[in-house]
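The values are calculated or read from the model by the stated rules, or taken from the named source; none is laboratory data. Bear in mind that the values here come from a model prediction, so they are computed numbers and not experimental data. No Cβ is skipped: glycine too gets one built from the backbone with ideal geometry, and neighbour counts run over all protein chains shown. These accessible areas exclude ligands, DNA and RNA; they are computed on the full protein's heavy atoms, side chains included. Shrake-Rupley method; radii C 1.70, N 1.55, O 1.52, S 1.80 Å.
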Amino acid sequence: MSMQKLLDIDPQQLAFRFEVGRQASCRIKISNNSQEHIAFKVMTTNVHKYRVQPKAGVLSPEECLEITVTMLRPTEIPYNMECDDKFLIRSVVATPNHTPENAYELFNSEGTHAFEDCRLKVMFVSPNASASQLGRIGIDLLKNGIFIVFLCLIFPLLGIKILPRIWSLKFWMMVLIVQLAEKLLPYSAENWIGYIKKFGLYVCVHFVLVVCSRGMRSL
């Protein structure tokens, strides 16, 4: 029969947002689900790089606590953003007389205590990995939204303005001018370039004809 753990610890891995010259913090939630008082102590392999608050304490039965781990300002980027730092949360059964101030004696004494250890690895997360992705997603959504609105507006307008003119004399004049222009302009070997030129010619000629027709009506 397996013994119940003294503390439930979440998360099992500390992920720090890494930026040169800026501090980063992580929170660890520890929960005492037992009916005993549990003392804990937080240790790390790199004491000069991290600050832990609180470093030690005593949890009453069914009590929860958040530990804040702060990584001091890094001065350089590690190779491949890898980190070998580790944390250890050691816990032991205490008594109601133990307080956060004297809980250290349980871990410093020579006696044989049934310690329970939980090791946490450290990883670094690039800030660009989240910020840039969110930025790109937002920009893409904005572009797609503008494009959809544009299509919703332009297609009805084209249907109202252009369809009645398809069989008009102006339309056939535009087709004739475009065909003549194709003979004069160098046609690229790639088909898509040719299609772009043809479409541009249709738009330009149509615009010129519309302007001319409006000018004649104003006379």
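General observations
- Taking every protein chain into account, the 1.4 Å probe leaves Arg22 with about 140 Å² of accessible area, to the nearest ten.
- Around Leu59: net Lys/Arg minus Asp/Glu count, Cβ-Cβ under 15 Å: -3
- Potential lengthening of the chain between Glu36 and Arg119 amounts to 27.7 nm, from the contour at 0.36 nm per residue minus the alpha-carbon distance.
- Packing here is the average count of other Cβ atoms within 10 Å per residue, and on that basis the peptides 70-79, 84-93, highest first, run 84-93, 70-79.
- Sequence of Ile28, Ile146 when ordered by accessible area, the most exposed leading, probe 1.4 angstrom: Ile146, Ile28
- Legend: calculated FRET efficiency, Leu72 to Gln12, from the Cβ-Cβ distance at R0 = 22 Å, rounded to 0.05, equals 0.45.
- Residue-count net charge about Pro78 - beta-carbon cut-off 13 Å; Lys, Arg +1, Asp, Glu -1: -4
- Ellipsoid semi-axes in whole angstrom, largest first, where each is sqrt(5λ) of the Cα gyration tensor of the stretch 1-102: 30, 14, 11
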